[in-house]
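Please read the structure below before turning to the comments.
Bear in mind that the values in this text are calculations on the coordinates, not laboratory data. Keep in mind that what you see is a predicted model, and the values were worked out from it rather than measured. Positions of Cβ are generated from backbone atoms using ideal geometry, with glycine treated the same way; all protein chains shown enter the neighbour counts.
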Amino acid sequence: MRKMIAAAAGLLLAAPVLTTATTAVAAPTATACSIQAGSVTAGKDLVDKYVNATSPISVKPVDTMAKQPFSGAVALSSEWVWDDDFDDNTSLTGNIVTGGALYDVGLLTQKGTDGKVVDTQSTRIGGGWNDFRTLTKSWSADGGSNARTYALRNDGVLYRWFVSEVNGKPVWRSAGSYAGFASVKAVALISRTSTYDTLLATTRGGALYTIRIPLTSPMKPVVKALRTSTWQGFESLLTTRCGQYGTLLLGIDKDTGSAYLYAVGHANGTATIINSLGKVPGTFDDPVNYSWASFVDPPLNGE
């Protein structure tokens, strides 16, 4: 199980500059893709359901990944990673915000027991998280070393932390911040490379943007508009890789409890191809949503 330590937020910088691009890349063939949509229920279970990009869209029944692992209500959750390579158990790792504090959590659940938790490791990273509204993790292939975490504060400042392995233990360090994102509603990772991360974001005004963040210092995001209207209804975005360059995107409207599925081509400003696959059957009314990934999944490569 991974252990994490606290890191202070970093330097506040100026607002990003909007840029655009013109070359289109086709959206992926999504029929072979699915997204493992996770959520925290009102009863505080960690659950998932596979949304398949079939025609029509199909959804597997809800699975309980972890039965009531938390004592308090969860306000925010990062993406979670699962690993079945533990004999009779499954390892689950992620970050949550509860009681105004951020925690790194490692869970071990027993297979075939509907998510019975047999071991928990929870490390308090720091307080003051009542003022944050998004929590996004850029995982490495092993789920622990060389991770990056992004969190958007209510005043529109986006913070970043780097996590690395030192003597077998993860160490967090502040890696900058950037102002100018006060209008952003939802954030998800769309690309992870050795030199940058790219976030996908919706705004209250209906825009859909990519926010490319080079791993250099100081932190200087490059913001591009993919669409300028109609996306304001989504409070949660979930993403998974689809094909070599594409992304399967699930947008969740918490006001109506509905979700919509999209196949997104390699992001390239307003030239990006986005194919609507339709409304997803069922209700998405849990209080907190996130994406699941396995330790063997290839990294997101959407931009």
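Describe numerically, in nm with one decimal, the distance between label points set 7 Å from Cα along Cα→Cβ at Thr283 and at Asn130.
Spacing of the two 7 Å Cα→Cβ label points: 3.0 nm.
Would you order Asp104, Asp48, Asp155, Asp253 from fewest to most other beta-carbon atoms within 10 Å of each residue's own beta-carbon?
Asp155, Asp253, Asp48, Asp104
Go through Leu208, Leu108, Leu92 and say which Cα lies farthest out towards the positive end of the charge dipole of the chain; charges sit on Cβ, +1 for Lys and Arg, -1 for Asp and Glu.
Highest projection toward the positive end goes to Leu208.
For a quick check: sort Arg173, Arg192 by the number of other beta carbons within 10 angstrom, fewest at the front.
Arg173, Arg192
Between Asp84 and Asp119, what is the label-point separation in nm under the 7 Å Cα-to-beta-carbon projection?
Distance between the two pseudo-spin positions: 2.0 nm.
Using the Cα gyration tensor of segment 187-303, with a ≥ b ≥ c the square roots of its eigenvalues, what is the shape: rounded (a/c below 1.5), prolate (a/b larger than b/c) or oblate (neither)?
The shape class here is prolate.
To the nearest 0.05, what FRET efficiency results for Thr270 and Arg204 with a Förster distance of 22 Å applied to their C-beta separation?
That pair, Thr270 with Arg204, gives E of 0.65.
Could you put Thr134, Thr216 in order, starting from the residue whose Cβ has the fewest other Cβ atoms within 10 Å?
Thr216, Thr134
Build a GNM of the chain with springs between Cα atoms under 10 Å: which of Leu250, Leu237, Leu215 gets the top mean-square fluctuation?
Leu215
State, to one decimal in nm, how far the label point of Tyr196 lies from the label point of Ser58, with both points 7 Å from Cα in the Cβ direction.
Modelled inter-label distance: 3.8 nm.
Treating only the Cβ of Lys, Arg, Asp and Glu as charged (+1, +1, -1, -1), what charge dipole size does the chain show about its Cα centre? Round to the nearest 20 debye.
840
Report, in whole Å, the centroid distance computed from the Cα atoms of segment 244-303 and segment 205-229.
17
Can you classify segment 38-89 as rounded, prolate or oblate using the Cα gyration tensor, where a ≥ b ≥ c are the square roots of its eigenvalues, rounded means a/c under 1.5, and otherwise it's prolate if a/b beats b/c and oblate if not?
It comes out oblate by the Cα gyration axes.
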